[in-house]
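Derivation of every value follows stated rules applied to the coordinates shown; laboratory data play no part. This one's a predicted model, so the numbers in the text were calculated from it and none came from an experiment. All Cβ positions, glycine included, derive from the backbone under ideal geometry; neighbour counts span all protein chains shown.
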Amino acid sequence: MLVWTALPHFVWTKHRYFHQCQPDPLSAPDSACFQQLLQDGVVVRENFLPAKTVAAIRDEVQTSGMLEHARSKSYHRDGVCIVEQAAQWLPTAQCFYQHPMIRQMAQAYLAQRAMQFRQIVNYKTQVGQSAQPFELFFHFDDWKPRFKAFLYLTDVGEQEAPLVYLKGSHRGLWRLWKETELFCLYRQSAQGFADNWESLFLGCYFPHQARRLQELWGWQPQVCTGTAGTVIFFDGRGLHRGNWLQRNQRLLLGSLWKYEED
Ligand SMILES: [Fe+2]
């Protein structure tokens, strides 16, 4: 299907979708945090979990056998290990994956019927340009809102592959064309993420495009650094990118949420 012929259908679909899926600030557990999320698309909160708990989760990642399992299943590529359904390996991490504040934030941001569809561990170990190439480009994940919570289990400075987010880029009509492309061409696996190589790149912008958009709309980048125990809430509709590791290692947990009927 040609993308431009799908535009009216997409606009109608999007209109219907947002009729059901609307933020509800009154039900947010932390009003200031929620307002910042609405405005910027990203919020960073240090000391979300106590240092002791964070250290216990970090130990459990190393001792649970999860990383060996990931290596045997080829989930460990290019110095990045991504494990899905990670909660089954990490009883200690339930305090993050089942955290009531995160659930309430997701429900307030998406809809009462929000559901957690991924529980991941993301472990970067290889220093140098090794991360998955698509994530190094500014991209958005979907035309639908995605509430994502990342918990750093290691200290993340500018050289430890912090997430970078362009604040405010989750809003506006500028995104309509690429959203229509995603609507037409994105192929999703049953687990809720891209099921082929091309789909990974569909939301990406070349560096010159991202820079021009940033200048045009005046978006400020938020480099999401933080000590172990920091949590980042963000909407996957905003432009964001990963970074490659320049030193040390970076370990994080991810809790990803969507509207139940997606
Ligand atoms: Fe992403």
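What to note about this one:
- Restricted to the range 31-95, the set of helices (runs of 4 or more DSSP H) holding at least 1 residues that are within 27 Å of residue 238 (Cα to Cα) comprises 31-40.
- Any hit, the range 119-137, residues being acidic (Asp, Glu), surrounded by 16 or more Cβ atoms within 10 Å (Cβ to Cβ) and either over 24 Å from residue 196 (Cβ atoms) or in contact with a helix residue (DSSP H, G or I) (Cβ under 7 Å, 6 or more places away or on another chain) (or both): no
- Scanning the range 14-30 for residues that are in contact with a helix residue (DSSP H, G or I) (Cβ under 9 Å, 6 or more places away or on another chain), exposed (fewer than 14 other Cβ atoms within 10 Å of the Cβ) and assigned to a helix (DSSP H, G or I) yields 25, 26, 27.
- Answer residue from the range 222-261, given it is of a type outside the set (S, T, N, Q) and surrounded by fewer than 16 Cβ atoms within 10 Å (Cβ to Cβ) and is nearest to residue 167 (Cα to Cα) among those: 223
- Residues that are within 13 Å of the ligand (Cβ to nearest atom), hydrophobic (A, V, I, L, M, F, W, C) and not in a helix (DSSP H, G or I), drawn from the range 97-138: 120, 131, 137, 138
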